[in-house]
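Taking it in order: structure first as structure tokens, then the write-up.
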Amino acid sequence: TAILSHLLYSNQVKFRSFVGGIMKGFDSNYISTGDEYVIIEADEYDRSFLALDPDYSLITSIEKDHLDVYDDLESILTSFGIFCDKTKKSVIADRGHPDKNSSPLSNSAMPDHYSPLYDDVYEFDIRT
């Protein structure tokens, strides 16, 4: 979220951004240069991200985390699948790396209409 916000700011795009932490160079977790785009760092912790209806989603990781809210990895993947279904235009998601602490994104948790972009990054075109 912070990197995307910095890129948009540097290219003078009109946007508002809510980031999970204080950004260097901005001394804030909020940037507002206009209303063309809104960027939100959504948290899956309490499933509150399921209240969002985004046009685009960027998922940078899915981990076996927040097990006090989710029963297991499968229920986390199910929630992310619901989130992807709610995304109006497209989703870009990093599947993760099995040799690290993140879990690979399960194709079964994602919509059937996806197209691979790279080895570890997939785009899901929700409109097709």
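The values are calculated or read from the model by the stated rules, or taken from the named source; none is laboratory data. These figures come from a predicted structure and were not determined experimentally. Cβ: placed from backbone, ideal geometry, glycine included. Neighbour counts: every protein chain shown.
If you go through segment 26-53 and keep only what is within 14 Å of residue 9 (Cβ to Cβ) and touching a Ser or Thr at 6+ places or on another chain (Cβ under 6 Å), you end up with 31, 39. Every listed requirement among (1) at pLDDT 90 or above; (2) more than 12 Å from the chain's Cα centre (by Cα); (3) β-branched (Val, Ile, Thr) is met by residue 69 save one, (1).
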